[in-house]
Structure formats: structure tokens, C-alpha cells
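**Student:** Encoded as C-alpha cells, here's the structure I'll be asking about.
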Amino acid sequence: MPIHTFEKIIDNLTAERIFRQIPFEQFIVELSGSGELILRSIFQFFHDMIDHHISETVDEYPEDVENIGYLLYNMDSLFIDDSEKPFFADRLFSNRLVNLARSFRLGSPPHKIYVFKGPAGSGKSTFLNNLLNKLEAYARSDKGLLYEVVWKIPTDGLSKPSGRKTRGSTKAGVTKDGEQSFEKTDLDFFEVPCPNHDNPIVMIPRNHRAKLLKEIIPQEAFRKRLFKHKQFEWVLKSEPCTICSSIFDALTEKFSIKEIFSMIHARRYLFNRKQGVGISVFNSGDDLEKSLVRKNETIQKFLNEFFQDSNKVQYLYSSYAQTNQGVRALMDLKARNIQRFLDLHGIISDEVHKVQEIEERIQSLFIVLMNPGDFDQISQNKETQADGKIDTSLQDRIHEILVPYVLDYNTEIKIYTNTFGEQIKLRFMPHVLESFARVIISSRIKRSEVIKDWIKLRSVYEKFCDPDFHILKMDLYAGVIPEWLTKEDRGALKAEIRKGVLAESETEGHTGFSGRESQQIFNEFYTQFSKKRPITMKHLHDFFLDENRKLKDKIPGEFLKHLTGLYDHEVLKEAKDAIYSYNEEEIIKSILNYLVSITHNVGEIVKNPYLNNEEFEVTGDFLDIVETHLIGYNASNYQKSKFRDEAIAEYASMTLAREIKTEGKKITETKQFQEMFAQFTRTAREKVLEPYVGNNNFRCAIKEFDTEDFSKYDNKIKEKVQTLFKNLGEKYGYSIECAKTVILYVLDNNLMEKFK
Ligand SMILES: [Zn+2]
């Protein structure tokens, strides 16, 4: 490796890893610039970390007055990017997590144990690992700025302490990396880190703290919050830990206050999960912490010699101290972790606990992962109340956050694409991959009582929604208010109902296909059908209802049938929308050409006097299409020819002879034209597909689109087909192949009739 590359690496690493200790005076200066970062408890810090990782927030219905703030948060940066194993937070879970973090930002420290509860296979340990990794990285970043106290006690004039001196090797107690070369005089100091990670601000006595902060915090808005808001109360109220205050007191016997403050330094509070600093994670198999009391003999020896007294400062602390103002987590609630869990409860309830003679005050974010039913185990392990439930004092300290299986189909799809690649989407007809995800999720959710009360007339939806409204519920979970709701039901979708539906999710996602199972199922499905291009709803049926697979027991009865109803409803809407291309001018032209055509024979080339003698060919298809617009697509050939004869008669005797020649009207002002125009427009909008359904040439043209044979069709048909393919592609993402499949599906299944 060329030497300059190596130097660059060194430079980069240095820039990343320098965290110099700063004297207390410098810390005060930093406070005035970055107080908002430095004065954060672990709870505020946690909030900011989550907030930092939300790359995008979407509100699909900002104008909706009944909006309850159930938003789409993009948390990929927190749970997916740069993670060994991704965690997929669905919309429900993301909202829970964001709301939790917000409550940390806005309230006083909660004194709770945060229990993330979810069934096996819900990915909760991946969730926690990723979360803690990002927390650790955040603490190292500029935005993660936090400081802690480290004492630098001068060794001059002492009989040389036998403990090792600073110069990078002291590292007693809580180790840190990154200190760089010191001034020469640094060699004459002995470092004693605060094992409780005290924020240096607490070294200013409480009665002077407010005055100082008022003076040094220049940002008015922040200053106001600092003094008024609950979450900052700790800044004014907290006291240094027992060790720091006893060092302070002991020093006053030998040094001036000014000299003592020159010994207090601030260093970055960095989390290190592997060392258990700031973040500690316990598995049920881990040995219980050997002894509750931790000591550091080197430091203790130094302190004893320095103060010539072995009782002045007792450098004792518990393992909880190492995660004070940090995160302490239990990976499950089994075996040895049950005791740890009960210990956490003790710490939270008592606030202060004893480490031998010393009092220790712990404030940490306690996180516990749990399977449903784990509390039963605790009941067996703990003295419980007579009714066998865990006692209420413990229950009161628990805040449950559910981590169920994914209940949002968009997230479910993301899981598949993450494993199999984005390109899988190209193998599916539009809506079919989403339908696959909906089938999986249907196994995890329950019939909605709230929706049942809300929807007035169920029968309106029976063609495209299941009677238990699983389909509707899934949409609401995904943040979608379906367009197919009637005006009345849409209007009645009040905030209370939305909250009620979301609340139902709290009891769901614990049964049905697990996260692991759904991946396996998708894998099997994809292996079997990826060669079929494109994958359609029929393949879904074949797969899920296959007797040999035994999947259908977990899927609500007839769910696939109703899901297909929804699919049909959607694709019909798309096909109609895609084929509708008429503008007024085109309709006028069609009618004028029709009026001229009917007095000629099929196959003739005629000039249209109303359109500057523009030439066109009279074709059977053209007459047929206009006539179906005018009298309906059910019309028989006899009716059509009768209509045509009458139109010819009216055109000759009324339109031409009287209105135009006698009354001097323009053709577009005649009664016949205006009636035709009104009728054509109505049909074009409402029954846009009907005129083509029975037209065999239209069907063939669809099949032969994008081939040489396509050119042989009538212009009107060609135009329509081209518009249809273009719009299906541009508006709805259909490839030519998928567009052909879907139009033929619509025609062959006579979906127009189904949704009449
Ligand atoms: Zn301390």
C-alpha cells in the first residue's frame, strides 16, 4: 500500500475517533454553543436518535380533519441500512416507536421498564440489536454529543502513586479510547473517571446552576424550555454521584474551589456495548453479574494514598452504574434474566440503591424483550399475590410495546423484495404481489368490531370486500382510505373510529403465519411460479388453496374469493380509465363522421364537408362503435340497423332540409347532433369499455398489439388500443405483456357485467 494512502487512512481514522478531554471551563463554553445536545438525558437522547433516523414522513391526507396523525415514517436508516440483518418495522410499529420516543422528549423521566412483546419470529431481537447499534454509532457522531465527568488529579508532591499514570495507559475503570497526545504536564495527573457517567453540569452546585445556565445559554427558545419543561428538570435537580461528591469534598481539604474545578474534565460519553459501557445487553444464559459491587484497585489505591485515608473516597459501584444514563436491555425473559428483570423493578421503584455503604442513583432506559406468556413464568418464580398474577406494583412499572408480525402489506412486500430483489415485482401482474401479502396478513388479523359498527350498509361492498372487512382493515393499517368507500361511510370515518381500528391491532399479529413462515411460503411460491410470466391471481389461488400445502386453514374462509373481487374491481377501474381518451373535439368529430358515413356504404372513402373535406374510410367497426355509444352495447344488429335507418331519415328531412337549409343553423346546433353528442359523451364516460366488449376485432387487436399484424385494424380501433396500452403503462405500471393479460382478463370475465 503506498504510504500516502496509509497516511490518509490514519487521518480519516483520527478525524473519526478523536474525542479529546476538555477542561471544565471549556465545557462551559461548549454548553453555550451546543447546550441543547449536551443537556440531554438518555431519554431525550433516545428520542433524538430515532428522530435523526427518520428519513421521510408522509401524511397522505393532510387536509383530512379527522386525521389522527397515523403517518408513514421511513425508518430504513434505523433498521435496514448498514445492518447485518434487517428489521422491518411496519407502519403500526413505527408509529408506536415514534410516539414512545416523543413521550420521552416531552415528559419527565418515566420510571418504567419498556417491555417489547412479540411472538417468536416477529424479529424483536433483530429490532433491538439494530436499534442499539445505531444508538452506539449515534453517540459517536457529532449529533450524539454527550459529556461525562473525568477527574484529573495532580500527582505532584505526592509520594509516587503505585497506580499507573495517565498517558493512555491509565484506563482504569471505564476505558475509553481516543485520547491523543497530552501536554507534557498531563503526565503528572491521575485520571479517575466517574463510573456513573455524571453529566459535568451537575458538578456546579444546584443553587448556582440556574443562574449560570441563564447566562451562558444564548438561544432564547432553548433557554425557555430548559427552565420550564419537565424533561429538563433533571438539569437543575440532579446531584453528582456519591463518588464524585466525595472526591470533591475530600479535595476541599487541600485545594481551593478554583483548583478543584481545574481538575474536573469532561470527556465524550461514548457507548460501547461489548464492554458494557452505556449499553449492556443480557441473554438469559449469561452468568449473573459476579458480584454486585465493582471496584478498581488501582484507582482505590491511588485515592487512598492521595488522601492518606482509605475511607474518604470509596471507589465502589454496581454494574448498573456502567449503564447509568444509558441503556440496559434483557434479550428475553427466561432463566437468569428473570432475576435481572426483578432487580430492574427494584432499581426503578427505589430510585436509590445501596452498593455496600454507598448510595447509588440509577436512571437508565430499561428495555426487555418478551414473548407472550413469559409473565406466567415470573409468577411461578416470584412470590405472587393470592390470585397468581404478578403483583400490581410490578405491573405498574411496565410499559408494553407490541412487536407483532407485520400487519401492513407494504412492509410485507418489502420483506420479500429485500430477500429476493426488487426485480421480483416485474414477474407479477400489478396488484398480485400485494394480494399475496394480503393473504399472508389475513392469517394474522381478526374480524373488526369497530368497522362493523361504522359501515352502514355492508351489501354495498360485497363484490370487492370480505364480509368481515379484513380487506378494509388492512388498508387502514397501511394508511390507505380506500376510494371505494361510499360517500356516507367515508364521511362517517371519524377520528374515534380510526383510533378504534388501530387499537384492534394491539391484539393481532400473534398468530397466523410467522415472519419466518411467510418468507418460506413466499420462497416456495416464487420458486414454483416465477417461470410463469406474468404471475396472476389464478396462481395465487392454485397455491394457497392447494390441499397438499395446508395453508388455507390459516386463511379466513373465502378470503381469496373476496380478494379476487377486489382485484377485479381495481383492474376494471384501471382499464376503463385507461381507455377513456375522448375529449370534446374527438366526440364532435366522431359524430360528424358518423352523420356523413350513414349515407355512404362501408368501404367508401368519403370527404366530410363539416370538417374541411377531410377524407376518411367508412368501416363497419367505426359505425358499430359509434352506435354502441349511442344506443348501448346490448343492442342487437337489428336494433342497430333500425337506429341507423331512422338516423338517416332524420338527417335528411330534419337536420339538413329544415334546420340547416331553412333555419340556417350550423350542423353542431341541430337537434340531432346535440342529442347524439350528449348521449355519446354520457356513454363514453360511464360505459367506456362497453362499446368494445362485443367487438371481436378489438379483442384481436389487443392480442396482436406490438406485432406487424396490428396495422391491419381499423383506425378507430388502433387508436383506442394504443391509448389503452399507453395509459396502462404510464398510469398503472403495466408492461405490454401485463396490459394484454389484464385487458383480456377484463373482457373474458365480463367484469363490466359483474360490477354493473
Ligand atoms: Zn460521578
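The values are calculated or read from the model by the stated rules, or taken from the named source; none is laboratory data. Note that this is a predicted model, so its numbers are computed, not measured. In this analysis, Cβ positions are derived from the backbone assuming ideal geometry, glycine residues included, and neighbour counts consider all displayed protein chains. Quick note on the areas: whole protein, heavy atoms, side chains included, nothing else; ligands and nucleic acids left out. Shrake-Rupley method; radii C 1.70, N 1.55, O 1.52, S 1.80 Å.
**Student:** Would you check if there is a residue in segment 581-593 being farther than 30 Å from T723 by Cα and aliphatic (A, V, I, L, M)?
**Tutor:** no
**Student:** Only one of V439, V355, V432 is modelled with pLDDT of 90 or more, touching a strand residue (DSSP E or B) at 6+ places or on another chain (Cβ under 7 Å) and open to solvent by less than 10 Å² (accessible area, probe 1.4 Å). Can you tell me which?
**Tutor:** The conditions single out V432.
**Student:** On to the next question. Name the residue, out of K740, K703, that is out of contact with any Leu (no Cβ under 9 Å at 6 or more places or on another chain) and in contact (Cβ under 8 Å) with a residue 24 or more places away in the chain.
**Tutor:** Answer to the check: K740.
**Student:** Just need a number here: residues in segment 480-529 that are β-branched (V, I, T), over 23 Å from A120 (Cα atoms) and part of a helix (DSSP H, G or I).
**Tutor:** The total comes to 3.
**Student:** Another question about this same structure. Given the criterion touching a Phe, Trp or Tyr at 6+ places or on another chain (Cβ under 8 Å) and acidic (D, E), identify the matching residue among E585, E574, E604, E547.
**Tutor:** E574
**Student:** Output the number of the condition that G69 fails; it satisfies all remaining conditions of (1) farther than 26 Å from H229 by Cα; (2) assigned to a loop (DSSP other than H, G, I, E, B); (3) free of Cβ contacts under 8 Å to residues at least 60 places away in the same chain.
**Tutor:** (1)
**Student:** Anything in segment 101-134 that is in a helix (DSSP H, G or I) and in contact with a His (Cβ under 6 Å, 6 or more places away or on another chain)? List them, or say none.
**Tutor:** Correct list: A101, F104, R105.
For every residue, the table says whether it meets (1) within 13 Å of the ligand (Cβ to nearest atom); (2) without any contact (Cβ under 8 Å) to a residue 60 or more places away in the chain; (3) among the small types (G, A, S); (4) farther than 18 Å from V149 by Cα.
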site	(1), (2), (3), (4)
K237	no, yes, no, no
E253	no, yes, no, yes
I257	no, yes, no, no
H265	yes, no, no, no
Y269	yes, no, no, no
Q275	no, no, no, yes
G278	no, no, yes, no
I299	yes, no, no, no
Y317	yes, no, no, no
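**Student:** Any idea which of K473, K446, K494 is under 23 Å from the mean Cα position of the chain (by Cα), open to solvent by 70 Å² or more (accessible area, probe 1.4 Å) and touching a residue at least 12 places away in the same chain (Cβ under 8 Å)?
**Tutor:** Every option except K446 fails the conditions.
**Student:** I need the full set of residues from segment 635-656 which are under 11 Å from L623 (Cβ atoms) and of a type in the set (K, R), in order please.
**Tutor:** K640, R644
**Student:** Here is a further query. Which one of K716, K687, K666 is touching a residue at least 40 places away in the same chain (Cβ under 8 Å), touching a helix residue (DSSP H, G or I) at 6+ places or on another chain (Cβ under 8 Å) and open to solvent by 60 Å² or more (accessible area, probe 1.4 Å)?
**Tutor:** Every option except K687 fails the conditions.
**Student:** Next up: Filter segment 306-315 down to the residues that are touching a strand residue (DSSP E or B) at 6+ places or on another chain (Cβ under 8 Å) and open to solvent by 10 Å² or more (accessible area, probe 1.4 Å) and list them by number.
**Tutor:** Residue satisfying the conditions is Q314 alone.
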